[in-house]
Amino acid sequence: MAFQATKREWSELYTFFRLLADGKVAHGTPQAKRNEDNVWPIAMIQREEHNGTRRYYIEGETIRMETELKEKVQSGAPVLTQSLPREDFAEVARLVLEAIKSSADDEVTSPDGVEEFLDAAAIFDLEAKTEDRTDLSIAFWHPDAPLTGFSVRSRLSTMNPLLDGGRTANLKFEQTGIKFATPTVNKINALPESPTEVVDRMLMIERLGGVLKYADVADRVFRSNLLMMDLHFPRLLAEMVRTMHIEGISRVSELTKLMRETNPLKIKEELIEKHGFYEFKMKQLLMTLVLGMRPAKIYNGTDSAVEGLLLVDGSGEVLCYHKSQKEVFEEFLFLNSRFEKGSVEKDKYGFLEKENGVYYFKLNAKIGLVKR
């Protein structure tokens, strides 16, 4: 019986099947192209299901699967072992890729034969069930090698953002300049809902003589996490988000170039030109986000279990980015990420609100990878 799942769910499963079928993965370039000179052989992939751990060993033309059921592990029972032809994983990967590409909707119906294969391979959760945010863990070169945790992003589907803290990631701007009367504030906030409602309100405040001046990060934990990047980083991030709305520029690389020119932190020219201060700080943030920093969780500089990223490009090619190749990974993130607009209603930003007798206007920081 056929079932439906989102393209994102299918993409994670496709990545898993593709890697087992290929038995290797190529590293990506900063431009998200395949680097033929940097390919890592895969010996085993570990995946977490709701009822236990699955390990898939690549042994010639066979995939040997070991299952550790949670209730069995506690009772000391042995792991369950079975084998499947490796070519079956390649065929199912092909079918899933075709289904994703051919569907105009986000919900994709399982191709014929795929559900039976998932049962045979003991796969019941299309997205891995982990608490450490890894989607897959891979042993390279040898099955007993230390596991490397990866998160999966696919350009064939919607992608989870790198930074998405909801209202936790809101940045506060104090409304200064002319003091607005309550009817004026109500008029500004009453502008109709639209894709440009936030910038429309910002421009209206400006036309009426108001000035939005950066004040603070709304959440104290997120504020502290950003301060771990740099004591002035919250101000830089706020200016980039503000500029994104006003200028309509979303790419991180393009906004960073603009920050070089406007120099919102008023730092010395030598730091900007010779040391690449603004580029360095943004790459530092992006890498930190990929490796585990979250707005609402205290960050102390320790990386999470995620050590890299697996990117599925528009053709279905799986590319690997790992923190051991820091320069390439950072440059990829820098060139392929953008600021996004979160839901105004859900994230509670984009209007004037009074706090201790002062009006503030919040903007939301959200960063994701570009689709192409």
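What follows draws every value from the coordinates through simple rules; no lab data is involved. What you see is a predicted model; the values in this text were computed from it and never measured. With ideal geometry, Cβ positions are generated from the backbone for all residues, glycine too; neighbour counts draw on all protein chains shown.
Data for the structure
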read-out: Label-point separation in nm, VAL344 to LYS33, each point 7 Å along Cα→Cβ; value: 4.1 nm
read-out: Label-zone membership for the stretch 129-158, site ARG64, 7 angstrom Cα→C-beta point, backbone N under 13 Å; value: 143-144
read-out: Count of lysine pairs in the stretch 119-247 with Cα separation under 26 Å (8 or more residues apart, or interchain); value: 5
read-out: Total lysine pairs under 29 Å (Cα atoms) in the stretch 316-372, excluding pairs fewer than 8 apart on one chain; value: 20
read-out: Gain on full stretching of the segment that runs from GLU353 to GLN82 - 0.36 nm per residue minus C-alpha separation; value: 91.5 nm
read-out: Ranked by how many other beta carbons lie within 10 Å on average, peptides 314-322, 353-361 from highest; value: 314-322, 353-361
read-out: Where chymotrypsin sites (Phe, Trp or Tyr not before Pro) fall in DSSP loop in the stretch 140-201, at most 11 other Cβ within 10 Å; value: TRP141
read-out: Under the span-like rule (Cα at least 30 Å along the axis, Kyte-Doolittle mean at least 0.0), DSSP H helices of the chain; value: none
read-out: Packing-based ranking, highest mean first, of 115-123, 19-27 given that Cβ atoms within 10 Å are counted; value: 19-27, 115-123
read-out: Net charge of neighbours whose Cβ lies under 14 Å from the Cβ of GLY177, counting Lys and Arg as +1 and Asp and Glu as -1; value: +1
read-out: Farthest positive-ward along the chain dipole, Cα basis, beta-carbon charges - from THR109, LEU19, VAL252; value: VAL252
